[in-house]
Amino acid sequence: MVLLNTSDDNIRKAAEWIKNGNLVIFPTETVYGLGCNATDDKVVSRLYKAKLRPAHNPLIIHVAKPEHGFALADFDQRAKNIASRFWPGPLTLVLAQKKQNGISGTATAGLDTIALRCPAHPVAHKLLLYAGVPVAAPSANKSGRLSPTRPVHTEKDFENDVACILAGGSCSIGLESTVLDLSCEVPSILRHGAVTESDLSEYIDLDKSDRQATEKPKAPGQLSRHYAPLTPIRINAVDLEPGEALLAFGSEKFIGIRGGGSARDLPEDSKRNLSESKDLNEAAVNLFAMLHDLDSPERHKSIAVMPVPDIGIGKAINDRLVRAARRE
Ligand code: TXA
Ligand code: MG
């Protein structure tokens, strides 16, 4: 595995690797992806194995341009409108697959739907363009673990699996794309992200009955404990237990430690602040990176996270935190 900067030559090299059946880690505006040629069943199977991903959980297929997506799935007028407004960008669309579209059945977990995304990150865009094939790419973390927003978060997990990491700095959004299901009559959000309910509501009538909460969630990856650090997480914390690390949102001035002391007494490497000014976009960018920083079961018995408002992108932040805090 080599760590490459994002020069044009290196992006071409990585694109060749993808075309020839290798795995490559690359930046997108949301999180880093672990990518491979989505038409090559063999490498897709290798990707599932490397990521320890259950076979029933399908991958997102990435394309350089919306037109490339149109060749893979049935876009009705509604889907075309959404794509023309939000692509390229942090939105994934679930649609009925076109038959014989060349995509590996392993990548779509044998479903007759497909999840498509056209990322806005210039490095991802070039990589997809140069590769000239659709690219299957889950987040570049082991299944169920914290998502990567910096190259360093991916380095250890896939050392022996990937040809290279394209190191393109920090991701500008920091949370995975919004997943919108357009495969049925009433569209619904399967995963919250930077494209919010209210952004989408301007264009479509959404099913607001949070389907993730029902018995049969439609995004298979949304089922269980996810985005989890090794250290336990305690959400909506208004104070600290001794031995806990603090992930603050807004002022930490009034956060006390039970039994005596205050958050201000914590050592520097035991506290982070998602956003002192309570800016939710800043908090989204920081979320995974700060959880990575604080994740140390030897140092912290748990990570206490202060409440984050459940509005706008705050919904996506809370969704990740709730799943990370689950015990199973
Ligand atoms: O921001 C992102 O979307 C990143 C970057 C790399 O693009 N990718 C990402 O992929 O988050 P992954 O594999 O970690 O998450 C994909 C989600 C999973 O929850 C999966 O179940 C869902 O998309 N998904 C994929 N195909 C689907 C389908 N046909 N129907 C419903 N959900 C689907
Ligand atoms: Mg993921």
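Spherically averaged projected area of the convex hull of Cα atoms, region 1-134: 7.6 nm². Ordering 259-270, 93-104 by mean Cβ neighbour count within 10 Å, with the highest value first, yields 93-104, 259-270. The magnitude of the dipole of the chain, with charges of +1 and -1 set on the Cβ of Lys/Arg and Asp/Glu and taken from the Cα centre, is near 620 debye. Mean-square fluctuation check for the chain, GNM, Cα pairs under 10 Å: which of Asp41, Asp181, Asp76 is largest? Ranking Asp41, Asp181, Asp76 by mean-square fluctuation puts Asp76 first. Per-residue ellipticity at 222 nm, computed for the chain from helices alone with -39500 (n - 2.57) per DSSP H run of at least four residues, works out to -7000 deg cm²/dmol.
Only Cα pairs under 8 Å and 6+ residues apart enter the sum, and on that basis the relative contact order of region 218-328 stands at 43 percent. Ordered by the count of other Cβ atoms within 10 Å of each Cβ, fewest first, Glu29, Glu16, Glu67 give Glu67, Glu16, Glu29. Our compactness index for region 83-232, the C-alpha radius of gyration over the empirical 2.2 N^0.38 Å, is 1.10. Dividing the C-alpha radius of gyration of the chain by 2.2 N^0.38 Å, with N its residue count, gives 0.99. Diffusion of region 241-311 by Stokes-Einstein, at 10 °C in a medium of 1.306 mPa s and with Rh set to the Kirkwood radius over alpha-carbon pairs, works out to 128 µm²/s.
Exposure proxy shown here: for His56, His300, His192, the number of other Cβ atoms within 10 Å sets the order, fewest to most, as His56, His300, His192. Dividing the mean sequence gap of close Cα pairs (under 8 Å, 6+ apart) by how many residues region 56-184 holds gives a relative contact order of 34 percent. Annotation: Cα Rg of region 109-159 relative to the compact-globule expectation 2.2 N^0.38 Å equals 1.34. Between 0 and 90 degrees, rounded to the nearest ten: what's the tilt of helix 280-294 against the longest Cα principal axis of the chain? The helix 280-294 is inclined about 70 degrees to the chain. Taking Cα atoms only, the orientation of helix 314-325 departs from the longest principal axis of the chain by about 80 degrees. Between helix 41-51 and the chain, what is the angle of the helix's C-alpha long axis to the longest principal axis, kept within 0 to 90° and rounded to the nearest 10? Roughly 0 degrees, rounded to the nearest 10.
Using C-alpha pairs under 8 Å with a sequence gap of at least 6, the mean separation divided by the residue count of the chain gives a relative contact order of 20 percent.
Taken along its three principal axes, the alpha carbon spread of region 129-186 comes to 43, 29, 22 Å, from the longest extent down to the shortest.
Sorted fewest first by neighbouring Cβ atoms within 10 angstrom, Cys118, Cys184, Cys36 come out as Cys184, Cys118, Cys36.
Quick note: the coordinates plus some simple rules give every number you see, no bench work behind them. Remember, predicted model here, so these are calculated numbers, not experimental data. Reconstructed Cβ throughout: ideal geometry from the backbone, glycine too, with neighbour counts over all protein chains shown.
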